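Asker: I have a structure here, written as structure tokens, and I will follow up with some questions on it.
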Amino acid sequence: MTQTLTALLDKARHTSELTYEELLQLLSLPDEQIPELMAAADEVRQNTVGNQVHLRGIIEFSNYCRQHCCYCGLRADHSTASRYRLTPEQIIDTAAAAAKTGYRTLVLQSGEDPLIPAETIAELTREIKKLDVAVTLSCGERSYDVYRLWREAGADRYLIKQETADPALYKCIRPGHTLQERLQCQKWLKELGYQLGSGCMIGIPGQTVEILARDLQLMKEMNTDMSGMGPFIPHPQTPLKSGTTGSISMTLKMLAAARLYMPWLLLPATTALASLHPKGRELALRAGANVIMPNVTPEHVRSMYQIYPGKLNTRDSMTDYYNRIKDIVESEGRTLATDFGHSMHPAFQL
Ligand code: SF4
């Protein structure tokens, strides 16, 4: 039986033990009830992870990829894409500038580039750790041994989204791969002591509200520490080019439901949402988000990392961009964190 929204949110304020049906009810709310949901999520965010917003500077160091994900503009089949690969020196210089600007976490992100040896990424991790920052890697599906090499080099976190909790949809959007393989990677990462970043796109063709509720359950089952959830934006050079852009309302509902269901989460206000709505970051911060991931990739290649088109870009200097994000955070009555911003999952230990 469906409860009133007030009763359900009262329950959610006191316990995160929401059932599948309750998650479904939250995700099915009409637009006029979203502010009430966001207010409850914001209250839980304030009472659990506090007022601070954690910044993660992303360095997109290569846009070569051997994979064929149907939603992604970097897929190997996109033969006319302009490709680049930063040199280790460029990556270290960028990391040093970002650390000097104030970033306490740097994210090294790339496609699955077969020409960058695993040892190179290990060496980059060792060098960047000397800057007194936390390091997140986001370099796709690798073997257990490679994940171990990178963890031993000092990587703190790994970002590898589940993409969807539905095995059939997963096979459609990532041809040749299974959800089971993806979850195996996540299990290895947890076993090795990484903080795990997962997530999914909102509005990918074939997705249903039932699948989204299951997405939240799967993230909780996997003990996810961070979850990146932004709207799907169709890329014209991909098989999903005719898909409809993901809804901002559903994205906000997913963020708020995630905060209520997994209060410890590091929850980014994604660039995808900010690319679709001029106040996308502010809206996400009001829906329970507590992370922003500004792009610090060198400007001469930044526009080439196009998983989706129309990605928010800036020509600001690194310092000006940092200060602009700080202004957004402070205008929402929040403060920038100055620590590493490690996981707040109850089971996490450094
Ligand atoms: S989503 Fe990642 S693995 Fe898939 S094609 Fe894009 S860059 Fe490659």
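The values are calculated or read from the model by the stated rules, or taken from the named source; none is laboratory data. Only a predicted model underlies this, so the values are computations on that prediction, with no experimental measurement involved. FYI the Cβ positions are ideal-geometry reconstructions off the backbone, even for glycines, and counts take in every protein chain you see. The accessibility values were calculated without ligands, DNA or RNA, using every heavy atom of the protein model including side chains. Shrake-Rupley method; radii C 1.70, N 1.55, O 1.52, S 1.80 Å.
Asker: Could you order Ser138, Ser317 by accessible surface area, starting with the largest, using a probe radius of 1.4 Å?
Answerer: Details: Ser138 10, Ser317 55 Å².
Per-residue accessible area, sorted high to low, gives Ser317, Ser138.
Asker: Which residue, Thr335, Val296, Gln349, has the largest displacement toward the positive end of the dipole of the stretch 279-350 when charges sit on each Cβ (Lys, Arg +1; Asp, Glu -1)?
Answerer: It is Val296, whose Cα lies furthest towards the positive end.
Asker: When the dipole is taken about the Cα centre of the chain, and only Lys, Arg (+1) and Asp, Glu (-1) are charged at their Cβ, what size is it in debye, to the nearest 20?
Answerer: Numbers: 37 positive and 39 negative charges, 87 e Å.
Value, rounded to 20: 420 debye.
Asker: Rounded to the nearest 500, what is the 222 nm mean residue ellipticity of the chain from helices alone, with -39500 (n - 2.57) per DSSP H run of 4+ residues and division by all residues? Intermediate results must be reported in sequence, preceding the final value.
Answerer: Details: 14 runs with 146 residues, N = 350.
After summing the helix terms and dividing by residue count, I get -12500 deg cm²/dmol.
Asker: Now for a different question. Taking only protein heavy atoms into account and a 1.4 Å probe, give the accessible area per residue of the chain in Å². Write down the numbers at each step before the final one.
Answerer: Numbers: 14080 Å² over 350 residues.
The answer is 40 Å² per residue.
Asker: Could you check how much of the accessible area of the chain is carbon and sulfur, as a whole percent, using a 1.4 Å probe? Numbers along the way, then the final one.
Answerer: Working: 7390 of 14080 Å².
Ligands and nucleic acids excluded, carbon and sulfur give 52 percent.
Asker: Within a Cβ distance under 12 Å of Cys70, other residues only, what is the Lys/Arg minus Asp/Glu net charge?
Answerer: Working: positive: Arg75, Lys171, Arg174, Lys241; negative: Asp77, Glu163.
Local net charge: +2.
Asker: In the stretch 46-86, which residues have a backbone nitrogen under 20 Å from the label point lying 7 Å from Glu17's Cα in the Cα-to-Cβ direction?
Answerer: Only 48 fall inside the zone, counting backbone N under 20 Å.
Asker: If one takes the longest principal axis of the Cα atoms in the chain, at what angle in degrees, from 0 to 90 and to the nearest 10, does the Cα axis of helix 118-129 lie?
Answerer: For 118-129 against the chain, the angle is about 70 degrees.
Asker: If you don't mind, another one. Using the crude model of +1 on Lys and Arg Cβ and -1 on Asp and Glu Cβ, and no other charge, please compute the dipole size for the stretch 58-126 relative to its Cα centre, in debye to 20. If you can, show how the numbers build up before the last one.
Answerer: On the way: 7 positive and 8 negative charges, 34 e Å.
Here the stretch 58-126 has a charge dipole of around 160 debye.
Asker: Taking θ as phi - 60°, what are the ³J(HN,Hα) couplings along the stretch 140-145 by the Karplus curve (6.51, -1.76, 1.60), each to the nearest whole Hz, with x for Gly and Pro?
Answerer: With the stated coefficients, the stretch 140-145 comes to x, 7, 9, 6, 4, 5 Hz.
Asker: Which of Gly197, Leu106, Thr164 sits farthest toward the positive end of the charge dipole of the stretch 34-332, with +1 on the Cβ of Lys and Arg and -1 on the Cβ of Asp and Glu?
Answerer: Farthest towards the positive end: Thr164.
Asker: Lys11: which aspartates and glutamates have alpha carbons under 17 Å from its alpha carbon, excluding same-chain residues fewer than 8 sequence positions away?
Answerer: Counting by Cα, and skipping residues close in sequence, Lys11 has these aspartates and glutamates nearby: Glu21, Glu22, Glu36, Asp42, Glu43.
Asker: So, one more: For the stretch 215-224, take each phi angle, set θ = phi - 60°, evaluate the Karplus expression 6.51 cos²θ - 1.76 cosθ + 1.60, and give the result in whole Hz per residue in order, putting x for glycine and proline.
Answerer: 4, 5, 4, 5, 4, 5, 4, 7, 6, 4
Asker: Something else: Measuring from centroid to centroid over Cα atoms, what is the spacing of the stretch 258-329 and the stretch 1-54 in Å?
Answerer: Between the Cα centres of the stretch 258-329 and the stretch 1-54 lies a distance of 23 Å.
Asker: In whole Hz and in residue order, list the ³J(HN,Hα) couplings for the stretch 14-24 that follow from phi through the Karplus curve 6.51 cos²θ - 1.76 cosθ + 1.60, θ = phi - 60°; x for Gly and Pro.
Answerer: 9, 8, 8, 7, 8, 7, 4, 5, 5, 4, 4
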